[in-house]
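Step one of this worksheet: look at the structure below.
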2 protein chains.
Amino acid sequence: MGMSSSIDVPAKQEFKRHAGFMLAQLGRAVTRRYRSAMAPIGLNPRETAALVQLRDAGAVGQQALGATLDIDASNLVALLNDLEVEGLLSRRRDPEDRRRHVVEITSAGTALVDEVMRTAAQVEDQFFSSLDEDERTTLRDLLCRVAQSTDDPSTTEVTGADC
Amino acid sequence: MGMSSSIDVPAKQEFKRHAGFMLAQLGRAVTRRYRSAMAPIGLNPRETAALVQLRDAGAVGQQALGATLDIDASNLVALLNDLEVEGLLSRRRDPEDRRRHVVEITSAGTALVDEVMRTAAQVEDQFFSSLDEDERTTLRDLLCRVAQSTDDPSTTEVTGADC
DNA sequence: TATTGTTATACTCTATAACTATA
DNA sequence: TATAGTTATAGAGTATAACAATA
């Protein structure tokens, strides 16, 4: 019934448009942009994330840091070695538990993070230029919810917590 | 002015919660899940994406395929070689332009994609389990807009096009 | 026994340059 | 001269397993 000026196509929904696929693609794309933007600063994306996280979170053990950054503890070692040699962070044994190495950002590291944050803001502002402020907030909130549920499935039902 | 039952904190906005950072993190997380889910099928994430895209888009040249999948043409060669050996796709020279290799999925490839799509749906359903249907649609639309603007900056102002 | 950090290794992915054959 | 595909290579990221020190 009604005029059928066009065949009723099943609304194909290509894989290209799946949220999972786009997430993977855009994640790599934004990482690439971070990389080239941070290159003049002398940091790669993982080093950037580690340093900023250390500024945000204060002194932490390597296990906790790795969990936050989604970097395996074994792979974190060399990364932190480099940053330590450059004087951007310090490692010391925790006297309370001598197995732990407490990692902390230095003042040189903090100074560098200021530059990093300005650069990151530029990258993101351009990357998300097709979205207005409200849309960016919506996106951030949705991604945050997904991130929390993947971190810890038990957190899903709890408080709005962090988002 | 007004009762201040709590100090007015500057709403820190940690880097961990930046859309760009979360995009990078979640992209790797979902890729990891695709990898382990597709392992029994015998495909890695890039092979998966290539095969599904070939089913969706039909016969295409390698340049176009690489652009869609965000895989450099030089890196695409070995990937397609493997899939061709396994009989999942075919390559033939374009008689119109003998430089081009036209890539097309085979019936064996199409059959495998059916299984891939079921598996992908499971992965995504779990990965985005903290979002309801409306929210998933919103997320997909926002990501799609971002994806289009990064593909081709000139497309931004045009029609709603593909989202 | 379990955990923290470490070392080592293999594999995947990414980036780049140079080559060939065609146009 | 430019483009499509190819080859080669180096670098970055990821995944695993085993180990020492400590709990």
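Using Cα springs under 10 Å in a Gaussian network model of chain B, which residue among B:ARG91, B:ARG136, B:ARG46 shows the largest mean-square fluctuation? Its mean-square fluctuation being the largest, the pick is B:ARG136.
Computed from the Cβ-Cβ distance with R0 of 45 Å, the FRET efficiency linking B:GLU104 to A:CYS163 stands at 0.55.
Distances between copies of B:GLU96, taken at a point 7 Å out from Cα along the Cα→Cβ vector and listed shortest first: 7.0 nm. In this rough spin-label picture, where each label sits 7 Å from Cα along the Cβ direction, the B:SER129-B:ALA111 distance is 3.3 nm. Charging the Cβ of each Asp and Glu at -1 and of each Lys and Arg at +1, and nothing else, the dipole of chain B about its Cα centre rounds to 540 debye. Using the Stokes-Einstein relation with a Kirkwood hydrodynamic radius computed over Cα pairs, the translational diffusion coefficient of chain A at 20 °C and a viscosity of 1.002 mPa s comes to 115 µm²/s. By the compact-protein rule of thumb, 2.2 N^0.38 Å, the alpha-carbon radius of gyration of segment A:11-103 corresponds to a ratio of 1.37. With R₀ fixed at 56 Å, the C-beta to C-beta distance from A:ASP56 to B:ALA59 puts the FRET efficiency at about 0.70. For the pair segment A:89-103 and segment B:80-130, the centres of their Cα atoms are 49 angstrom apart. As an equivalent ellipsoid, the protein assembly as shown spans semi-axes of 39, 25, 20 angstrom, where each value is the square root of five times an eigenvalue of the C-alpha gyration tensor, largest first. 3J(HN,Hα) couplings calculated from phi for segment B:72-78 with the Karplus curve 6.51 cos²θ - 1.76 cosθ + 1.60 (θ = phi - 60°) are, in sequence order, 4, 3, 5, 7, 6, 4, 4 Hz; Gly and Pro show x. Applying 1/(1 + (r/R0)^6) with r as the Cβ-Cβ distance of A:ALA78 and B:ASP82 and R0 = 35 angstrom yields a FRET efficiency of 0.70.
A short reminder: the numbers here are calculations on the coordinates, not readings from a lab. Because the structure is predicted, anything quoted here is derived from the model rather than measured. Heads up, the Cβs are rebuilt from the backbone with ideal geometry, glycines too, and the neighbour counts pull from every protein chain shown.
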